[in-house]
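**Q** Pasting in a structure now, in structure tokens, and then I'll have a few things to ask.
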Amino acid sequence: MIGWLPSLVETHSPDTLSNPTRLSVVMGSYPNRPAGAMNKTLVPPQDSSARQWYLVDAENQTLGRLATEVASVLRGKNNPNFAPHIDAGDFVVVINAEKVRVSGNKATDKVYRRHSGRPGGMKTETFAALQARIPERIIEKAVKGMLPHNALGRQLFRKLKVYKGAEHPHAAQQPKALALDPAASAK
């Protein structure tokens with residue numbers, strides 16, 4: 001007799017002990033496998049030639065909603081072979097980065113910070129100022145913050161291509177238009 005069984009007999013009714021399903025709920029359900037056996041990690045097949053290229057037009061799109069869709073495609077969550085520890089995502093080309101929108105007063109209130117690493121080296125810039133100077137950086141920072149913060153995230157980020165204007169140098173890859181949620185577009 002196992003040491004925990006007498007206390008179980010004292011606290012539960014006889015029908016609980018006779019029914020194995022109810023007994024496993026009382027005791028906690030553990031898988032029936034030998035000691036030392038472990039679950040196998042699913043590793044889907046990797047074929048780098050099967051990666052798709054998607055084209056996203058950022059014109060009149062809300063920044064955060066656009067970034068979540070792009071980050072999801074970069075991670076490969078639209079792929080049936082998704083595994084969180086593997087780069088199974090596709091390439092994404094974003095055009096018209098200067099025409100992305102934000103809601104509310106974020107155009108004047110949202111501040112982007114960077115630091116040179118030297119004492120007193122912090123530089124701040126508003127959304128509107130950064131959009132006028134380097135509009136690609138706004139989308140890059142938004143998407144990068146939604147990717148894993150490790151080596152996998154850095155590898156995924158390299159598959160994001162952001163361009164100011166409607167022209168891009170990736171016509172040879174024949175990118176498909178990525179259908180975004182119509183509610184994501186700013187009015």
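**Q** Tell me whether the range 74-81 contains one or more residues that are farther than 28 Å from Leu152 by Cα, in the same structural domain as Leu180 (by TED's automatic domain parsing) and surrounded by 14 or more Cβ atoms within 10 Å (Cβ to Cβ).
**A** So far as the range 74-81 goes, no, none of its residues is farther than 28 Å from Leu152 by Cα, in the same structural domain as Leu180 (by TED's automatic domain parsing) and surrounded by 14 or more Cβ atoms within 10 Å (Cβ to Cβ).
**Q** Here is a follow-up. Here are some residues: Ile138, Ile134. Which one is more than 25 Å from Pro44 (Cβ to Cβ), crowded, with 17+ Cβ neighbours inside 10 Å and not charged (D, E, K, R)?
**A** Just a single option satisfies the conditions, and that option is Ile138.
**Q** So Asn96 fits all but one of (1) surrounded by fewer than 17 Cβ atoms within 10 Å (Cβ to Cβ); (2) in contact (Cβ under 8 Å) with a residue 24 or more places away in the chain; what number is the exception?
**A** (1)
**Q** Counting only residues that are of a type in the set (Asp, Glu) and modelled with pLDDT of 95 or more, how many does the range 154-187 have? Give the derivation first.
**A** So in the range 154-187, the residues of a type in the set (Asp, Glu) come out as 167, 181.
Filter once more, so that each one left must be modelled with pLDDT of 95 or more: 167.
Qualifying residue count for the region: 1.
**Q** Tell me which helices (runs of 4 or more DSSP H) are completely within the range 1-83 and hold 2 or more residues being at pLDDT below 60, or say none if there are none.
**A** 5-11, 14-18, 20-27
**Q** Right, Ala88: surrounded by 16 or more Cβ atoms within 10 Å (Cβ to Cβ), of a type in the set (A, V, I, L, M, F, W, C) and over 22 Å from Ser185 (Cα atoms) or not?
**A** yes
The values are calculated or read from the model by the stated rules, or taken from the named source; none is laboratory data. Keep in mind the model is a prediction, meaning the values are calculated, not measured. Reconstructed Cβ throughout: ideal geometry from the backbone, glycine too, with neighbour counts over all protein chains shown.
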